[in-house]
Amino acid sequence: MTPDDDPSGRGRARSLWALLNEDFTDADGVTRWSEPEISWGLFRIPERDLRLLGDVAGLDVLEIGAGTAYVSAWLARAGARVVAVDLSHHQLATAARCQARSGPVFGLVEADGERLPVRAQTFDLVVSEYGAAPWCEPQRWLAEAARVLRPGGRLVFLTNSVLAALCVPAEGGVAGDRLLRAQRDLGDITWPGGGREHHPGHGAWIAALRGAGFVIDALHELHPSEGAGTHDYYDIVTADWARRWPAEDVWVAHLPPRPVDAP
Ligand SMILES: C[S@@+](CC[C@H](N)C(=O)[O-])C[C@H]1O[C@@H](n2cnc3c(N)ncnc32)[C@H](O)[C@@H]1O
């Protein structure tokens, strides 16, 4: 399938995630469903160290691009009411199998993160770990996240850093210490043999978040701990590289609370 046959990139994304599910994410998802705590990103930094989510008990939470939904499983175990959305039937099939095997059970919805089949103002928290940000067009999915959040609702998402996207060789292999492409080309890029991705610069993320109505609370640039090694499967950066330059960014934002009525 060429970009011309599939301008939205959705066909390629579905095929890619069917393959990745067979190769890696099915087995990885099963393992990660059994872990007591979530960890973020390539280097598995524990939530206990990052404290990105806070207390989620009693919250309505939507995960976009949930994949095998191990983040959602942890959120549900922590007392949240969770719905996990993903484009890939294969990824959600792993999640459904894990639910049947061990629970917890929560909503699994096959849908595009740019067009959520969800009523407005339904959730308190929208989460995404590599799900929406690389794969969905920023203005579109952020507008959807803002639409489905209640006033005051929070958004937490992780994606590749701009530096990693600049330094990863297109033909595969790990990032080096050279910029291999123009930053302005990263907003909408189709990798050879891969999917259509979006890696805007920080200025563009700030504009997109503010344009969707969010107030930005933090940008965490993640670095692995001393003991971490290179990821077994997503080996796009080594831990040594990521200790020098951030390989992953986490954005935290919220919608303004509902305005108080004038007396
Ligand atoms: C890297 S996985 C993220 C899930 C999990 N956190 C992980 O790291 O394995 C990326 C997920 O995004 C999903 N995805 C890609 N394009 C999407 C879209 N337009 N809407 C919703 N999900 C999408 C893929 O199907 C895949 O399951």
Counting only residues in segment 216-248 that are within 26 Å of E137 (Cβ to Cβ), among the aliphatic types (A, V, I, L, M) and surrounded by 13 or more Cβ atoms within 10 Å (Cβ to Cβ), the one farthest from the ligand (Cβ to nearest atom) is identified as I216
Those residues of segment 209-224 which are touching a residue at least 12 places away in the same chain (Cβ under 8 Å) and over 19 Å from L163 (Cβ atoms) amount to L209, G211, A212, G213, F214, V215, I216, D217
If we keep only residues of segment 85-132 that are more than 9 Å from the ligand (Cβ to nearest atom) and among the aromatic types (F, W, Y), then the residue farthest from L222 (Cα to Cα) is F106
Going through (1) in contact (Cβ under 8 Å) with a residue 40 or more places away in the chain; (2) open to solvent by less than 50 Å² (accessible area, probe 1.4 Å); (3) within 24 Å of G103 (Cα to Cα); (4) of a type outside the set (V, I, T) one by one, E35 fails only at (1)
Quick check on G173: is it open to solvent by 40 Å² or more (accessible area, probe 1.4 Å), out of contact with any helix residue (DSSP H, G or I) (no Cβ under 9 Å at 6 or more places or on another chain) and on the phi > 0 side of the Ramachandran plot?
yes
Being in contact (Cβ under 8 Å) with a residue 24 or more places away in the chain, open to solvent by less than 60 Å² (accessible area, probe 1.4 Å) and away from the ligand (no atom under 16 Å from the Cβ) is the requirement here; does G201 meet it? yes
From the option list D55, D4, D49, single residue qualifying as open to solvent by 70 Å² or more (accessible area, probe 1.4 Å), modelled with pLDDT of 90 or more and outside any helix (DSSP H, G or I) is D55
Exercise for the section: May I ask you to verify whether L92 is aliphatic (A, V, I, L, M), in contact (Cβ under 8 Å) with a residue 40 or more places away in the chain and in contact with a strand residue (DSSP E or B) (Cβ under 8 Å, 6 or more places away or on another chain)? Expected result: no
Here the qualifying pairs (Cβ atoms under 6 Å; residues six or more apart or on different chains; first in segment 59-88 and at pLDDT 95 or above and among the β-branched types (V, I, T); second within 6 Å of the ligand (Cβ to nearest atom) and not in a strand (DSSP E or B)) come out as I64/G113; I64/G131; T68/T25; T68/Q91
Picking from L108, L116, L125, L149, the residue that is more than 20 Å from L255 (Cα to Cα), in contact (Cβ under 8 Å) with a residue 12 or more places away in the chain and out of contact with any Cys (no Cβ under 9 Å at 6 or more places or on another chain) would be L108
The condition of being crowded, with 18+ Cβ neighbours inside 10 Å, farther than 28 Å from P46 by Cα and without any contact (Cβ under 8 Å) to a residue 60 or more places away in the chain holds, among L180, L186, only for L186
| said: Looking at segment 198-220, can you tell me whether even one residue there is among the charged types (D, E, K, R) and over 24 Å from L53 (Cα atoms)? | reply: no
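The values are calculated or read from the model by the stated rules, or taken from the named source; none is laboratory data. All values reported here derive from a predicted model rather than from experimental measurement. Glycine gets a Cβ as well: all are built from the backbone with ideal geometry, and neighbour counts include every protein chain shown. The protein model used for the area step is the full one, side chains on, heavy atoms only, and it has no ligands, DNA or RNA in it. Shrake-Rupley method; radii C 1.70, N 1.55, O 1.52, S 1.80 Å.
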